[in-house]
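Have a look at the structure below before the remarks.
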Amino acid sequence: MKTLIVIPTYNERENIKDLVERIFSVYPDFEVFAVDDNSPDGTGEMLETLKRTYPRLHVVHRPSKLGIGSAHLLGLKFAVERDFNGAVTMDADLSHDPSYIRPLTAKSEEFDLVIGSRHVENGGFEATPWPRVLFSRFSNFLLRFVLGGSFRDYTSGFRCYSVKALQRSGLPKNLSGGYSFLVEILHFLDKESFSVLEIPIIFKYRQFGKSKISSGEIMDTLAVALKLFSRRLLRLKGG
Ligand SMILES: Nc1nc2c(ncn2[C@@H]2O[C@H](COP(=O)(O)OP(=O)(O)OP(=O)(O)O)[C@@H](O)[C@H]2O)c(=O)[nH]1
Ligand SMILES: [Mg+2]
């Protein structure tokens with residue numbers, strides 16, 4: 001399966017080398033598409049250095065911090081244009097163990113979207129502070145309620161999209177550029193009756209660097225959830 005691995009990066013210099021090396025040591029035929037938003041810590045320069053060793057590494061440099069969602073979307077569009085079969089999205093901070101890429105892509109032959117989920121049986125968190133775990137549980141509970149869906153992990157960014165499904169879906173315009181993109185695109189694919197499977201992953205808390213989730217991003221996700229909720233109510237009312 002021709003696979004593209006999409007990795008958004010913002011200040012991940014201490015993590016990215018390790019991640020890229022681990023990916024190519026296990027999946028030498030896959031290609032990696034990193035989107036760096038002019039990280040002040042020099043992640044972009046590090047990626048350029050890695051490119052010399054790994055010709056299958058593509059690097060896009062954007063001028064400023066434009067959000068994880070728009071970085072994922074850029075990678076998905078690249079996968080569609082270049083006729084990949086699957087597009088895996090994952091974080092750069094080693095929270096997403098590359099060993100899960102194989103089961104994600106394997107299931108992607110049958111499902112349009114496969115999610116590495118922390119909230120299904122055998123999934124979970126490792127060395128993660130309890131407020132972070134609680135926050136994830138609570139947000140997913142809320143999203144399930146608001147969207148009337150059945151997914152356990154709306155906010156996991158570790159996913160494999162079938163490129164054929166993306167082509168068929170004609171990705172909607174106006175998807176959000178931030179974290180709420182993850183919720184919006186899952187809700188969209190589900191509504192359009194694309195098949196989605198969640199498989200368990202253990203999420204490891206980042207050892208290096210800082211989280212980029214801000215209170216603004218949380219408010220933005222809440223606003224997107226409310227927007228989708230009101231649309232759902234209107235649909236229900238309209239019969
Ligand atoms: N290009 C780009 N990447 C981003 C941006 N915001 C976050 N990222 C990357 O997206 C991935 C997820 O961000 P994190 O801050 O780790 O979010 P998280 O994993 O939900 O939160 P923590 O568990 O606290 O780390 C990481 O690889 C980040 O470097 C952005 O605005 N632009
Ligand atoms: Mg993280």
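Observations on the structure shown:
- Rounded tilt (10° steps) of 180-191 against the dominant C-alpha axis of the chain: 60 degrees
- Beta bridges from DSSP with both residues in the chain: antiparallel share about 25 percent, rounded to the nearest 5.
- Positive dipole terminus of the range 1-83, leading residue within Gly44, Ala71, Thr3 (C-beta point charges): Thr3
- Among Phe188, Thr221, Pro200 the positive-end extreme of the charge dipole of the range 186-239 (Cβ point charges): Thr221
- Remark: the Cα gyration tensor places the range 21-91 in the oblate category, a/c being 1.5 or greater and a/b not exceeding b/c.
- Gyration tensor (alpha-carbon) shape descriptor, the range 151-190, a/c threshold 1.5: oblate
- Rounded to the nearest 20, the size of the Cβ-charge dipole of the chain about its Cα centre is 720 debye, with Lys and Arg at +1 and Asp and Glu at -1.
- Among Ala92, Ala165, Ala79, residue whose mean-square fluctuation peaks in a GNM of the chain (springs only between Cα atoms under 10 Å): Ala165
- The angle between the Cα long axis of helix 13-26 and the longest principal axis of the Cα atoms of the chain comes to about 90 degrees, rounded to the nearest 10.
Only the coordinates and a few stated rules stand behind these numbers; no lab work does. Everything numeric in this text was worked out from a predicted model, so none of it was measured. Note that each Cβ is placed from the backbone with ideal geometry, even for glycine, and that neighbours are counted across all protein chains shown.
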